[in-house]
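> Dropping the structure in here first, questions after.
Here, each number is a calculation from the coordinates, and none is a lab measurement. All values reported here derive from a predicted model rather than from experimental measurement. Cβ: placed from backbone, ideal geometry, glycine included. Neighbour counts: every protein chain shown.
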Amino acid sequence: MSKRPTYAELRAQVQKRYPTGQAPGGVTVDDIVQLKMQNTYNTHLDIAREMAVVMRADMAAYDQDHSKFTQSLGCWSGFHAQQMIKAVKRMKGTAKGTYVYLSGWMVAGLRNRFGHLPDQSMHEKTSVADLIEEIYVSLRQADEVALNDLFRELKAAREKGAPADVIETIIQRIDTFESHVVPIIADIDAGFGNEHATYLLAKELIKAGACCIQIENQVSDAKQCGHQDGKVTVPREDFIEKLRACRLAFEELGVDDGVIVARTDSLGAGLTQKVPVSQHAGDLASEYTKWLEVEEITPANPLKEGDLALQQNGRLVKPVRLANGLFKFQENTGADRVVEDCIANLTLGGADLLWIETDTPDVDIIAGLVNRVKEAVPDAKLTYNNSPSFNWTLNLRKQVRKAWAAEGKIAEGEYPEAELMSAKFDDTPLGQEADARLKRFQYDISDRAGVFHNLITLPTFHMTAFATDQLSRGYFGEDKMAAYVKTIQRQEIRNNVSAVKHQHEVGSDLGDTFKEMVAGERALKASGEHNTMNQFENVV
């Protein structure tokens, strides 16, 4: 990250401009310095440039040590992102290695004007950029609130005549303050149109602060959620053009280190909309069309009016076409197509990271695909979707059951598959082993499958639904206020969640400080003795 001026450096600069200690109108040098330090970024394009450097450094660190993978949670509001970063900083003392994932699914489902929609690119494209903007406004405000607290502490120490070493310690905490701003991986779906539309939207996401754009190889107007059926992919040259569009957007805006995640849905996609034109054997088009399901043209199966013919391996064939005009791929070719997609995206499309959408969370399957890619691109790295679309409990228990049966550790009929979700297995050896594998899942795929970034796409969707359900059941049921106090407020207090002081969380003290800056003793402040938030001061 770029080095920001220290308190002393900034104060010297401002003092040089205003040697009397005041700017025109009576604004003090100290107040100017505070506001300059609280404004951790001037523009969101500055954020995109700096966070791209952060991501590149993290990728380089991962290449040296695969235990240094990064993580994110999908957030559908600025507040979710803010609270996530605060929690990580409170736990670890730093948010390094933590990102925010911006999910197109959650924008469609929760953040568009048309209602709750499926993940099919039906939401207005501007809502993606709007959410990036909102997230960074929230993260920057978290910086302002935290730094304001430090400056209030500094002011109080000076007013009390605190020793120089106490003053210096507070200033050191200001100088070493770590911003809440972290990289965002922004989902641009399939680009919301052709390559020019992709470029125009990518610029808006970058200007909103995105240092990393994730784009998938589905058809824009037939896009489906990665964990649904009916997915239709585009020819590789079409997708490469969209990767180039994203790169040009980064370059134009001066985000030279911008990161592109190329996602392939080919593992679960059995259809294509276009049959690309091949110029010679072995080119991108022929490598794509070789996987089509075809019928040989014979006297008994001649070409009909409107049929499409291909010359393939010395045979004249026609690809199988459905009533809707889409073409089918051969069964069980998804893995091969994924590997070819990934190699092309890295070597020809200039992608930085891969995303392979899988139908189960299986380390062996993921590692098997990635190792094939690494034969061509040894430093290939992935972003992996630890998706809530997977039934994690069932999948991991099935994997343990299968392994133990093969090893002869369990008898036939033990742990019946139809009952594997039962709570009765939670404390059994199988349940405990499945949970142990779940706990180390991200370590395993990062070590064995080249996964640089682990994310959960929709956690805050499910968290909000579950928490609201639990509170509603208790509050509107028998527990009434006890439901809120026991499950939320008391836990906030005991876990030191800053949002328990909700007035402070949204900038009430920040506002008081500014009023003091411009009005002095005339300031009408909210933080007096009658502020009920005082009930939460010094609570242990």
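> Mind checking the angle between helix 195-207 and the chain's longest principal axis? C-alpha axes, 0 to 90 degrees, to the nearest 10.
The two axes meet at around 20 degrees.
> Compute, for the chain, the length of the dipole vector about the Cα centre, with Cβ point charges of +1 (Lys, Arg) and -1 (Asp, Glu) only. Units Debye, rounded to 20.
Numbers: 62 positive and 77 negative charges, 206 e Å.
The calculated dipole for the chain is roughly 1000 debye.
> Also, quick follow-up: Give me the Kirkwood hydrodynamic radius of the stretch 30-119, using the inverse of the mean 1/r over all pairs of distinct Cα atoms, in Å to one decimal. Write out the running numbers ahead of the final one.
On the way: mean 1/r = 0.0637 Å⁻¹.
15.7 Å is the Kirkwood radius here.
> Sum up the charges of everything whose Cβ sits under 12 Å from the Cβ of ILE445, counting Lys and Arg as +1 and Asp and Glu as -1, but leave ILE445 out. Kindly include the intermediate steps, with their values, before the conclusion.
Numbers: positive: LYS381, ARG437, ARG440, ARG448; negative: ASP362, ASP364, ASP444, ASP447.
Cβ neighbours under 12 Å give a net charge of 0.
> Based on the Cβ-Cβ distance from TYR443 to ALA197, what FRET efficiency comes out when R0 is 41 Å, to the nearest 0.05? Let's see the in-between values first.
Working: r = 39 Å, r/R0 = 0.96.
Computed FRET efficiency for TYR443 and ALA197: 0.55.
> If contacts are Cα pairs under 8 angstrom and at least 6 residues apart, what is the relative contact order of the chain in percent? Could you put the intermediate results ahead of the total?
Numbers: 836 pairs, mean separation 78.3, N = 540.
After rounding, I find 15 percent.
> Another question, then. I want to check the label-to-label distance for ALA323 and LEU248. Put each point 7 Å from Cα in the C-beta direction and report it in nm to one decimal.
Simple spin-label model gives 4.0 nm for this pair.
> At q = 0.09, 0.10, 0.12 Å⁻¹, what is the log10 ratio I(q)/I(0) for the chain, with the Debye formula run over Cα points and no solvent?
-0.80, -0.94, -1.23
> Would you give the gap between the C-alpha center of the stretch 298-322 and the C-alpha center of the stretch 104-159, rounded to a whole Å?
If we compute the Cα centre of each part, the gap is 54 Å.
> While we're on this one: Considering only VAL275, HIS116, LEU510, whose Cα is most displaced toward the positive end of the charge dipole of the chain, charges sitting on Cβ of Lys, Arg (+1) and Asp, Glu (-1)?
Final value for the positive-end residue is LEU510.
> While we're here: What does the extension gain come out to for SER422 and SER67, with contour length at 0.36 nm per residue minus their alpha carbon separation? Before the final figure, lay out each step's value.
Details: separation 355, 0.36 × 355 = 127.80 nm, distance 3.34 nm.
Net length gain for the segment: 124.5 nm.
> Among SER138, SER77, what is the fewest-to-most ranking by other Cβ atoms within 10 Å?
Details: SER138 20, SER77 17.
The most exposed by this proxy come first: SER77, SER138.
> Counting only C-alpha contacts under 8 Å and six or more residues apart, can you give the relative contact order of the stretch 366-489 as a whole percent?
Working: 89 pairs, mean separation 45.5, N = 124.
Averaging sequence separation for qualifying contacts and normalising by length gives 37 percent for the stretch 366-489.
> Right, next: Mean residue ellipticity at 222 nm from the helices of the chain, using -39,500 (n - 2.57) per DSSP H segment of n ≥ 4 over the full residue count, to the nearest 500 deg cm²/dmol?
Details: 20 runs with 249 residues, N = 540.
Computed mean residue ellipticity for the chain: -14500 deg cm²/dmol.
> On a 21 Å Cα-Cα criterion, which of the cross-link pairs LYS68/LYS89; LYS207/LYS274; LYS242/LYS274; LYS3/LYS155; LYS89/LYS203; LYS92/LYS160 come out too long?
Values: LYS68/LYS89 17 Å; LYS207/LYS274 33 Å; LYS242/LYS274 16 Å; LYS3/LYS155 25 Å; LYS89/LYS203 30 Å; LYS92/LYS160 32 Å.
Cα-Cα > 21 Å for LYS207/LYS274; LYS3/LYS155; LYS89/LYS203; LYS92/LYS160; rest within.
> Measuring from centroid to centroid over Cα atoms, what is the spacing of the stretch 448-524 and the stretch 179-220 in Å?
Centre-to-centre (Cα) distance: 29 Å.
> Follow-up question, since we're still on this one. List the equivalent ellipsoid semi-axes of the stretch 62-210 in whole Å, largest first, each obtained as the square root of 5λ for an eigenvalue λ of the Cα gyration tensor. Present the calculation step by step, with values, prior to reporting the outcome.
Numbers: eigenvalues 285, 61, 34 Å².
Equivalent ellipsoid semi-axes, largest first: 38, 17, 13 Å.
> In terms of the Cα gyration tensor, with a ≥ b ≥ c the square roots of its eigenvalues, is the stretch 67-137 rounded because a/c is under 1.5, prolate because a/b exceeds b/c, or oblate?
Numbers: a/c = 2.90, a/b = 2.15, b/c = 1.35.
Judged from the Cα gyration tensor, the stretch 67-137 comes out prolate (a/c at least 1.5, a/b above b/c).
> What lysines could a cross-link reach from LYS304, if we take a straight Cα to Cα line under 17 Å and drop same-chain neighbours fewer than 8 places away?
LYS318
> For LYS480, which lysines qualify as cross-link partners when the Cα separation must be under 23 Å and same-chain residues fewer than eight apart are set aside?
The reachable lysines, counting only those whose Cα sits under 23 Å from LYS480, are LYS501.
> Tell me, LEU455, LEU110 in order of fewest to most beta-carbon neighbours within 10 Å? List each step's numbers first, then the result.
On the way: LEU455 24, LEU110 20.
Arranged by neighbour count, lowest to highest, LEU455, LEU110 become LEU110, LEU455.
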